[in-house]
2 protein chains.
Amino acid sequence: MTKRAETTERRRLEIIEAAIACFVEAGFHQTGMRDIAGRAGVSVGNLYNHFMDKAALIAAIAALETDQVEDFVAATAPGDAADAALDAFCRGYLAICLQPVSIVLTAEFASEAVRNPAIGALFERNRRILRRALAAILERGVRAGLFDPALDRDEAAATIIDMIENLPIRAHLQGGEVGADRSEALLGFVRKLARRP
Amino acid sequence: MTKRAETTERRRLEIIEAAIACFVEAGFHQTGMRDIAGRAGVSVGNLYNHFMDKAALIAAIAALETDQVEDFVAATAPGDAADAALDAFCRGYLAICLQPVSIVLTAEFASEAVRNPAIGALFERNRRILRRALAAILERGVRAGLFDPALDRDEAAATIIDMIENLPIRAHLQGGEVGADRSEALLGFVRKLARRP
DNA sequence: ATTGACTGAACGATCGTTCGCTCATATTCA
DNA sequence: TGAATATGAGCGAACGATCGTTCAGTCAAT
């Protein structure tokens, strides 16, 4: 890669990070291009050399999240026992969702996705990656006789992911923290949901 | 009530309903006061005779939701057996959340609440009413020996409410509907979560 | 005679985006 | 290799549109 292309990519990332910071603080629609430019230490006009428009910036952030999710899913070892894998998946994804960035952006993306199909597709794509990985763990557990054979794997996976994503948001709204007790309570619910009757 | 006060209140409701319709279509921050005024068949200036500002309009909608939630909670008969009451609560609240208005507004309020403390307080108030009612049902079930005594009533109640609220949103994003199968799957998860081991 | 619902033009601020411009770097050619 | 050319990152003023809000004025109900 040439030196020019390197600095361009670095700048691109700087802009994305500035945009994330702004969106977290103020939300998509309350953040202006001038806010992002100012935070990134760049002119307004230059934003448009790196991104077609504001929507492209939002999409780039969603794409960055896809990378993070794919890395996480790839790191969940498929060799472990299913019950241990389920625990590891929940703990790992909860750790991701507990980041302040995630808390706000998840809520922000969700509300945007409900109305904006383009964002909705990107959002749904991330969810599908997670859902499939978790459903595979559940399937493995059912085959091993660990989990309830009557379990609807896909629906259960989607429900568990929702539970994990919502815990930090809920805690944030109640003004509290997600301590070890709450994490363990969540894990208990998940285990109970998967366990055979 | 005088005739004047009557028409004023009717007008106030018309404005709120117009605002809801706009917010559902476009979201809080993409909806202008002119959009609301136009939809309500009223001048922009007149909006400010009924509501201090845009935030007051949003708050009024949240207050309307509080009424709906309180009515629902009051209607859940405390005489029923706890397991039947749990079913009824879930089905009833799911029916509320399945309304298109709820789907979008729930997501919209959640993302707004994360950042805006005033809205967050209103939002959290509605959640608390629901949480307490459901926690009471769980408590009754535990006392009757129907539910798991080790259950964290509050945390379980909050989790169940999240599950119910998220099912319609998730289905909407996936482009599908919430049929009887999905509703029943959700109910199964809830029962499993409450059941004693 | 007084009140207050109602109108719509107007205000200043801010929005996303464009555009003419400069300048450092990369590429091409003598 | 050195000079000429092409490229695109970067700037910031300016554009038209739209934002939430105000206000002087009208008119029907009290």
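Before moving on, here are some points about what is shown:
- Each peptide in B:44-50, B:132-138 was scored by the mean count of other Cβ atoms within 10 Å over its residues; highest first, the order is B:132-138, B:44-50.
- Average Cα contact separation per residue, chain A, under 8 Å, 6 or more apart, as relative contact order %: 19 percent
- The calculated FRET efficiency for A:ARG34 paired with A:ALA88, based on their beta-carbon distance and R0 = 56 Å, is about 0.80.
- Farthest toward positive dipole pole in chain A [+1 Lys/Arg, -1 Asp/Glu at C-beta], among A:ILE160, A:PRO78, A:TYR93: A:PRO78
- Pairing chain B with chain A buries about 3500 Å² of accessible area. This figure sums both sides and uses a 1.4 Å probe.
- Charge dipole magnitude, Cβ of K and R +1, D and E -1 - chain B, Cα centre, debye nearest 20: 240 debye
- Helix axis angle, B:3-26 relative to chain B longest principal axis, alpha carbon, degrees: 70 degrees
- 10 Å Cβ neighbours from other chains, averaged over peptide A:104-115: 6
- The lysines whose alpha-carbon is closer than 28 Å to the alpha-carbon of B:LYS3, local same-chain residues fewer than 8 away aside, are B:LYS54.
- Copies compared at A:ARG34 - label distances in nm, ascending, label defined 7 Å from Cα in the Cβ direction: 2.0
- Segment A:1-51, dipole about Cα centre (Lys/Arg Cβ +1, Asp/Glu Cβ -1), debye to the nearest 20: 220 debye
- Helix B:180-194 and the longest principal axis of the C-alpha atoms of chain B enclose an angle of approximately 60°.
- For the protein assembly as shown, the mean residue ellipticity at 222 nm estimated from helices alone is -27000 deg cm²/dmol, where every DSSP H run of n ≥ 4 contributes -39500 (n - 2.57) and the total is divided by all residues, rounded to the nearest 500.
- Copies compared at A:ASP53 - label distances in nm, ascending, label defined 7 Å from Cα in the Cβ direction: 2.9
- Theoretical gain in end-to-end length, B:GLN99 to B:ALA26 [0.36 nm per residue, Cα-Cα removed]: 24.6 nm
- Residue-averaged beta-carbon neighbours from other chains (10 angstrom radius) around A:89-98: 0
- Across every direction, the projection of the convex hull enclosing the Cα atoms of segment A:1-51 has a mean area of 3.4 nm².
- Relative protection proxy for A:76-87, A:3-14, B:54-65, A:99-110, from highest mean packing down: A:99-110, B:54-65, A:76-87, A:3-14 (other beta-carbon atoms within 10 angstrom).
- At a probe radius of 1.4 angstrom, the accessible area of segment A:111-168 per residue rounds to 36 square angstrom.
- Dividing the radius of gyration of the alpha carbons in segment A:109-197 by their Kirkwood radius gives 1.04 for Rg/Rh.
- Spin-label model distance (nm) - A:ARG10 vs B:ASP80, 7 Å beyond Cα toward Cβ: 6.4 nm
- Accessible surface calculations at 1.4 Å, restricted to protein heavy atoms, place segment A:39-88 at 50 Å² per residue.
- P(r) tail fraction, chain A - alpha-carbon pairs more than 22 Å apart, %: 54 percent
- Among the residues of segment A:176-197, those with an accessible-area drop of 40 Å² or more from chain alone to full protein complex, heavy atoms and 1.4 Å probe, are A:PHE189, A:LYS192, A:LEU193.
- Between segment A:1-68 and segment B:166-197, the Cα center-to-center distance that results, in Å: 37 Å
- Principal axis extents of the C-alpha atoms in the protein assembly as shown (largest first, rounded to whole Å): 78, 59, 34.
- 7 Å along Cα→Cβ, label-point gaps from A:GLY179 to other copies, nm, shortest first: 4.5
- Chain A, accessible surface, carbon-and-sulfur percent (1.4 angstrom probe): 54 percent
- Test item: A:119-132 mean partner chain Cβ contacts at 10 Å: 1
- Angle of helix A:117-143 to the longest C-alpha principal axis of chain A, folded into 0 to 90 degrees and rounded to 10: 20°.
The values are calculated or read from the model by the stated rules, or taken from the named source; none is laboratory data. All of these numbers come straight from a predicted model, not from anything done at the bench. Note that we place each Cβ from the backbone using ideal geometry, even for glycine, and neighbour counts take in every protein chain shown. Accessible surface areas use protein heavy atoms only, side chains included; no ligands, DNA or RNA. Shrake-Rupley method; radii C 1.70, N 1.55, O 1.52, S 1.80 Å.
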